[in-house]
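Beneath this line is the structure, given in structure tokens, with notes to follow.
What follows is calculated from the coordinates using simple rules that are stated; it is not laboratory data. Here the structure is a predicted model, which is why all the values come from computation and not from measurement. Methodologically, a virtual Cβ is constructed for each residue, glycine included, from the backbone with ideal geometry; neighbour enumeration extends over all protein chains shown.
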Amino acid sequence: MGALKLRSRLMSFVRNSDGAAAVEEQSDGVLVIENGKITAVMDASDFEVKGNALSECEDLRSCIIFPGFIDTHVHMPQLGILASYSDQLLDWLERYAFPAETAFCDPAFAAAQAEHFLHRIIALGTTCAQVFTTVHAHSCESLFSAAETKNMALVAGKVMMDRNAPEQLTQPPVPCARDCEELINRWHGKGRARYALTPRFAITSSDEQLALCGELLQGHTDVLLQTHLSENLQEIAEVGRLFPHARDYLDVYEGHGLNCSDATFAHSIHLSSNERARLLDAGAKIAFCPSSNLFLGSGFLDIQSIPRSHLSIASDVGGGTGLSMLHTCVEAYKVAQAQGQRFHPFEAFYAITAGNASTLGLADEIGQLKSGLSADLVVFDPTKPSQLAGRLGTCVDLTEELFAIMMLSDDRSIRRCYISGELVYEGTNQTWA
Ligand code: GUN
Ligand code: ZN
């Protein structure tokens, strides 16, 4: 098959040697894609100098091509409960999340939702995600199958729960571990799929279940771990009651080998300084979920206390209020502001591309516009919506431009998405009569 050549403004995000996030930009660039990979990134003028004709390229100069966005923590079965009015975390789980997940007992429903979920994230520019499915193995199976048809890099796991949840959502530790192992054997490393062991949180797993989870993690190279940690004060008190011998919340996971460099701990808002130090020492990562933390009233993560290499950013839908990673960055900015901190737009774009890729151990595969990486791309149309186009007209530098894009874009701004070099989404032109 011939190469795909796209001419556009190109932007990718890196971390400089001084530790600051920075933009690599070609204002008029060419991206060459072959067999699903990026094979060249260059200025249009260099492309011509090398003897190529620019007429061979598709002209997308009115757009910006970014690396596809990445979400490090999202719940596939919770799309249907976005914006559910309730009290904080534990009440919301009981009233909305658990009933929604119970509906996934039906394999046909689960399969349709898996497909729907991928369509929804892709339409917002997200080309890779680390996903909680439900306790049902078939829900995880369906999501991996749907991602495989799109050649999409997907990290997912079936939820592990053996207590403190409705009966249809719990499973004794041994059969649950057996299901996880079967899913790992079938999917982990198949194409672009990766498995993440997914104990929901300490409240819904016994020590026996967490121990088996630790054994699975030890026994399978490169398998990841995703769970929740220290999100809500009531939750933390309940963990203290359920695990009276643990010295703190992290210790519950640590005791079973789950505090490790393969782990992503969602939230981690209320950690003690000792817990934070142990988490960082182990090389574990935190998924900062600002829209969820605001929506559920969980609290403000002190992002300044966490080295950027340990900090990813995530939607956490349905606790989070939207799947857009740009919208998630807006909420991160507000959480930082509320604490007198800064969240620079270069940091935001770095986080949702290269940063989140390294959290998932995928920096050699995705997250930048770089030769050799998979061609997972967002073609962003800065002329939509009109309030963004208007604001961009007055921006004086890249910081202002990227900040406006982050703050004012919406689903209309996502013109196309490519995954493994294939066009998987083309936004419709929304015009008013
Ligand atoms: N803690 C345990 N389960 C969940 C969940 O589904 N969402 C959030 N935000 N926190 C959790
Ligand atoms: Zn979550």
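Could you work out the relative contact order of the chain? I mean the mean sequence separation of Cα pairs under 8 Å and 6+ apart, divided by the number of residues, in percent. Walk me through the numbers before you get to the answer.
Details: 930 pairs, mean separation 85.4, N = 433.
Rounded, it is 20 percent for the chain.
Across the range 322-391, Cα pairs under 8 Å and at least six residues apart give a relative contact order of 14 percent. Output the 0 to 90 degree angle, nearest 10, between the alpha-carbon long axis of helix 207-219 and the longest principal axis computed from the alpha carbons of the chain. That helix lies at roughly 40 degrees to the long axis. Here the translational diffusion coefficient of the range 312-433 follows from Stokes-Einstein with Rh set to the Kirkwood radius across Cα pairs; for 4 °C and 1.567 mPa s it amounts to 83 µm²/s. Our compactness index for the range 261-312, the C-alpha radius of gyration over the empirical 2.2 N^0.38 Å, is 1.07.
In the chain, the longest principal axis of the Cα atoms and the axis of helix 325-338 are about 70 degrees apart. Given a cut-off of 19 Å, name the pairs among LYS37/LYS158; LYS37/LYS285; LYS158/LYS190; LYS37/LYS384; LYS190/LYS370 whose C-alpha atoms lie farther apart than that in the structure shown. The pairs that break the limit, which is 19 Å between Cα atoms, are LYS37/LYS158; LYS37/LYS285; LYS37/LYS384; LYS190/LYS370. Toward the positive end of the charge dipole of the range 275-322, with +1 on the Cβ of Lys and Arg and -1 on the Cβ of Asp and Glu, the farthest Cα among GLY320, PHE288, PRO307 is that of PRO307. In terms of packing, defined here as the mean over residues of other Cβ atoms within 10 angstrom, the peptides 328-335, 253-260, 161-168, 238-245 line up highest first as 328-335, 253-260, 161-168, 238-245.
Treating r as the C-beta distance of THR149 and ARG95 and R0 as 45 Å, the FRET efficiency rounds to 0.85. Per residue, the convex hull spanned by the Cα atoms of the chain amounts to 151 cubic angstrom. Nearest 10 degrees is fine. How inclined is helix 137-149 to the longest principal axis of the chain, computing both from alpha carbons? Tilt of helix 137-149: around 10 degrees.
Working note: Karplus 6.51/-1.76/1.60 with θ = phi - 60° gives the range 25-37 the couplings 10, 10, 5, 9, x, 10, 10, 10, 10, 9, 6, x, 10 Hz, where Gly and Pro are set to x.
Percent of C-alpha pairs per 5 Å bin in the range 127-179, short distances first: 4, 21, 26, 21, 13, 9, 5, 0.
Distance from the alpha carbon centroid of the range 205-231 to that of the range 278-346 works out to 23 angstrom.
Per DSSP helix of 4 or more residues, -39500 (n - 2.57); summed, then divided by the residues of the chain. What does that give at 222 nm, rounded to the nearest 500? Please list the in-between numbers first.
Values: 16 runs with 145 residues, N = 433.
-9500 deg cm²/dmol, from helical runs alone.
Taking a temperature of 4 °C and a viscosity of 1.567 mPa s, what whole-number D in µm²/s does Stokes-Einstein yield for the range 135-259 with Rh from Kirkwood over alpha carbon pairs? Rounded, D is 87 µm²/s.
Only Cα pairs under 8 Å and 6+ residues apart enter the sum, and on that basis the relative contact order of the range 367-416 stands at 48 percent.
Computed packing ranks the peptides 270-278, 195-203 as 195-203, 270-278, most packed first, by mean other Cβ atoms within 10 Å. Counting other Cβ atoms within 10 Å of each Cβ, which trypsin sites (Lys or Arg not before Pro) in the range 1-108 have at most 11 and sit in a DSSP loop? Sparse-neighbourhood loop trypsin sites (Lys or Arg not before Pro): LYS50.
Summarising the strand pairing of the chain, around 50 percent of its internal DSSP beta bridges are antiparallel. The slack in the chain from ALA338 to ASP364, taken as 0.36 nm per residue of separation less the alpha-carbon distance, amounts to 5.8 nm.
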